[in-house]
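Working notes, structure below.
The values are calculated or read from the model by the stated rules, or taken from the named source; none is laboratory data. Quick caveat: nothing in here was measured; it's all calculated off a predicted structure. As a convention, Cβ positions derive from the backbone with ideal geometry for all residues, glycine included, and neighbour counts pool all protein chains shown. Quick note on the areas: whole protein, heavy atoms, side chains included, nothing else; ligands and nucleic acids left out. Shrake-Rupley method; radii C 1.70, N 1.55, O 1.52, S 1.80 Å.
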Amino acid sequence: MQNNVDIFAAENCSRTFGHGKKLVTAVDRVTFNIKDEEIVSLVGGSGCGKSVLAKIMLGIYHPTTGTFKYKGSPITNQRLHWREVQAVFQDPFSCFNQFFTIRSQLKDSLNIFPDKPSAKEIDDIVDRALLAVNVQPPEVEGKYPFELSGGQMQRMLLARIFILRPKVLIADEPTSMVDACVRANILDYLMKIKQELRMTIVFITHDIGLAYYVSDRLFIMHKGQIVEQGTPDEVTLTPKSKQTLELLDDIPDIHRQWIKR
Ligand SMILES: Nc1ncnc2c1ncn2[C@@H]1O[C@H](COP(=O)(O)OP(=O)(O)OP(=O)(O)O)[C@@H](O)[C@H]1O
Ligand SMILES: [Mg+2]
């Protein structure tokens, strides 16, 4: 990829739903760029438009006005887009089918590529991915999603990322279902994956402390808008918006240690 082309570029990009009195402006005239291998966090309270913006990045929603580009072009072919841009969503159970074993689904995830590896290679790829997230392959052998805990399922999502090796990962609150200790582990895996795969990551959270720890830049969202963007130090040391100050007040104690402020 040319170094000077942005991974994502949004210009006055909005996404509305419904019309008339029921019009909801989920994303409201956002303008930003995300560079190759950057980690950017979208931070904001519930309903501020983070997941809708994530779905625009995934090509699931198109902007209603303004433009949104991936590597210089609008997203037209979703399947091709998903070979390079993958997501980890809030609820890992919704990302796996309850009626198939975990292993078969991890193997099937390779179907999005035109050149499928051999059966033996696929087994090796799946084993390596499980080990990368600290799961011994026999632990999940023959198991269905409902037989695993939320934390284990979240690791299965990360294993799938290891298998798919996307250029860009959208992580929508990937740690929301697990306790603080497992959460720190998952973040470490995410950083490990990032280093190994040289990915761009868009990380979505309510917790500005967590965002501070993992990101190169923060975008603070409120009512569909990006009210502030900058490096973690810029945003936390000299907050410019009321919403940033509110988010700083809400940091869970366990994450306050990371903030210099
Ligand atoms: N498909 C849809 N149809 C209508 N309104 C929608 C749709 N998807 C989202 N919205 C609305 O858009 C707004 C932003 O929603 P979004 O899911 O992006 O919030 P969020 O920031 O991800 O919140 P949370 O932190 O709770 O996940 C909300 O008011 C929501 O109700
Ligand atoms: Mg959301």
Worksheet entry | Å² per residue, accessible surface of the chain at 1.4 Å | 49 Å²
Worksheet item: Using 0.36 nm per residue, how much length does the chain from HIS62 to ARG256 gain when fully extended, once their Cα-Cα distance is taken away?
Response: 66.2 nm
Worksheet item: Between SER73 and THR16, what is the FRET efficiency for a Förster distance of 22 Å, r being their Cβ-Cβ separation, to the nearest 0.05?
Response: 0.45
Response to the item:
Mean projected area, convex hull of alpha-carbon positions in the chain, reported to one decimal in nm², is 14.9 nm²
Practice prompt. Let me have the relative contact order for the chain, percent, based on Cα pairs under 8 Å that are six or more residues apart.
Written response: 25 percent
Fill in: Only Lys, Arg (+1) and Asp, Glu (-1) charged, at Cβ; the chain dipole about Cα centre in debye
700 debye
Fill in: Accessible-area value, ASP250, 1.4 Å probe, nucleic acids and ligands omitted, Å²
110 Å²
Worksheet item: Which entries in LYS71/LYS242; LYS35/LYS194; LYS22/LYS55 show an alpha-carbon gap greater than 23 Å?
Response: LYS71/LYS242
Discussion item. Ignoring everything except DSSP H segments at least 4 long, calculate the 222 nm mean residue ellipticity for the chain; use -39,500 (n - 2.57) per segment, divide by total residues, nearest 500.
Written reply: -10500 deg cm²/dmol
Worksheet item: Cα axis of helix 119-132 to longest principal axis of the chain: angle in degrees, 0 to 90, nearest 10?
Response: 50 degrees
Worksheet item: For region 59-132, what % of the accessible area comes from carbon and sulfur atoms, probe 1.4 Å?
Response: 55 percent
Worksheet item: GNM on the chain, C-alpha springs below 10 Å: top fluctuator among ILE102, ILE201, ILE60?
Response: ILE60
Worksheet, complete the sentence: If the chain between LYS143 and GLN98 were fully extended at 0.36 nm per residue, the gain over the current Cα-Cα distance would be 15.2 nm
Item to complete: Express in nm, to one decimal, how much length is gained between LEU245 and LYS116 on full extension, taking 0.36 nm for each residue of separation and deducting their alpha carbon distance.
Response: 41.5 nm
